[in-house]
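Please treat every number below as a calculation from the coordinates, not as lab data. Bear in mind the structure is a predicted one, so any value in this text is a computation, not a measurement. For neighbour counting, all protein chains shown are included, and Cβ atoms are generated from backbone atoms with ideal geometry for every residue, glycine included.
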Amino acid sequence: MDQTTIRRLSDEATQLLMNRAGTESSRRGGWMMIATILIEAWDLYALSFVLVFIKTEYHPTAFELGWLTAGVQGGALIGAVLGGVVADRLGRKRVFILTMVLFIVLAIAQGFSQNVWDLIILRILIGIPLGSDISNGYAYIMESMSKGARDRMGSRWQGMFGLGEVLSIVVITIMYVTGIDHAILWRVALAIGAIPAFILLLARLDLPETPLSLIHQGRFANAKEVSLRLFDEPLDMLPNEDAKLERPKVGDFLQVIWADRTKRRATIFAWISNACQGAEFTAFGFYLPVILVTAGVGVASNANMTGTNIVTAAIYVLATISGFLAPVMIQRTGHRGVAMWGFGLAFIGLAVGAFALGAKVEWLIVLGAAVLMWGHYWDASNGMTIASMVAPARFKATASGFGYVFVKAASFFGAFVFPFMTSAWGPVGATLAVSVLSLIGFLAAKFILPEVYNYVESEEVRAAVTD
């Protein structure tokens, strides 16, 4: 068959699958992919709770501290791009197995670092499989689940983040109160992330490749077999033998997105939203334990962190509830509604927090942080979903990777710059500066984002791109 016929048949199969109801196998695959967020959350935020012990042992400079906190974000930025492109070429399963193996090895290695630069390099390296797995995982969700279900599953990432954060707080606090030596505590806290990663790896081994990924690799026989498993669909329009398809190009991806008004506006919003929420949280939320200690919330002295961790855990429990309510909100208000509510509440929370920090009102600091976290777990729920959902099947992992670049670039910037902003402008000025990002996200949701809940992608402009 010629390329035109092959592409026409693959498009027909894609449209059929994107409108089919999923099965129990497809739902299981979605949960296995979104569970990655638990591991990323553990690794990212365990560091924030043991950073004080690392500082005591290694005495990092401000520059080294910036790399310690932001290194994993920089590595994830690289991994998001590489993982997305590679997954669109080689398939989803190979990438998600490789990324989990790499994470397990690197997580354990963190516990054996000998100096601050050992740890910095490992933090950068561990970000690469994390970024790759997220971009690949979102493509898997969008390709293996039915419409509506994929919107809701994708939006659960913040709930899973919150759950991972709460688990890290609880485990680290238990280790702290049992009197474990602090030099051992931080090493165990970072290395222990390998345990859930190993469990997830074993659970994923039985997952199939997605039928859409197989279709766009020309592996039609395998695609028909997997389609029966995930969608109860035999794909009779496809031949039983494999065919050679042209490899997708990144330039084609951008052309296709820009040629369609809905894809273009939804993607632009997703990039803006991902950048705003990434910096919004990493700047203030990542440093929340430090902010609470500095403000004297929950502790009698900086030497006793248990009270601060309890307050922080309570805030994250509330945020986790918000995260798991995001799919319900999206079902009721659409993607635009949950984004506007989320960024609006985050803006209010940051403004209240800035005032409370200036006035040194402890209970109001906690209230502002709680409102921020509730809003943030809504505004961050759908950026990745939208970026991946509106992209053509042959570019879904690439689109997810591009979208995640904006999260990680902003997170890297926020984690690296916020200490300097606080030093230069004080906590009030730095917090108000971060609130501007929440306002930008709100305006982008209101004026740029078209409603795309239950959206089914159709690449009607392919002919214009390939001619």
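Summary table
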{"item": "Count of Lys pairs (Cα-Cα under 21 Å; at least 8 positions apart or interchain) in the chain", "result": "15"}
{"item": "Longest DSSP-loop-exposure-free segment, GluC sites (Glu not before Pro), the chain, at most 14 other Cβ within 10 Å", "result": "1-240"}
{"item": "The range 327-431: trypsin sites (Lys or Arg not before Pro) falling in loop per DSSP and having at most 15 other Cβ within 10 Å", "result": "Lys360"}
{"item": "Relative contact order of the chain, defined on C-alpha pairs under 8 angstrom at six or more residues apart (%)", "result": "26"}
{"item": "Dipole magnitude of the range 164-250 about its Cα centre (Cβ charges: Lys, Arg +1; Asp, Glu -1), debye to nearest 20", "result": "340"}
{"item": "Under the Karplus curve 6.51 cos²θ - 1.76 cosθ + 1.60, θ = phi - 60°, whole-Hz ³J(HN,Hα) for the range 139-151, x wherever Gly or Pro sits", "result": "4, 4, 4, 5, 9, 10, 10, 7, 5, x, 5, 6, 4"}
{"item": "Ordering of 107-118, 122-133, 377-388 by burial proxy (mean other Cβ atoms within 10 Å per residue, highest first)", "result": "377-388, 122-133, 107-118"}
{"item": "In sequence order, calculated HN-Hα J values of the range 66-79 (Karplus, 6.51, -1.76, 1.60; Hz; x Gly/Pro)", "result": "x, 6, 4, 7, 9, x, 5, 5, x, x, 5, 4, 5, x"}
{"item": "For the range 59-132 and the range 19-58, distance of Cα centres in Å", "result": "13"}
{"item": "³J(HN,Hα) computed for each position of the range 363-371 - Karplus, 6.51 cos²θ - 1.76 cosθ + 1.60, integer Hz, glycine/proline x", "result": "5, 6, 4, 5, 4, x, 5, 5, 5"}
{"item": "Answer label, with Kirkwood radius over Cα pairs in Å calculated from the coordinates and candidates (i) 28.2; (ii) 31.3; (iii) 22.4", "result": "(iii)"}
{"item": "Helix-only [θ]222 nm of the chain, DSSP H runs n ≥ 4, -39500 (n - 2.57) each, per residue, nearest 500", "result": "-26500 deg cm²/dmol"}
{"item": "Asp260 long-range amide H proximity, modeled H, under 5 Å", "result": "none"}
{"item": "For the range 90-227, size of Cβ-based charge dipole, Lys and Arg +1, Asp and Glu -1, in debye", "result": "420"}
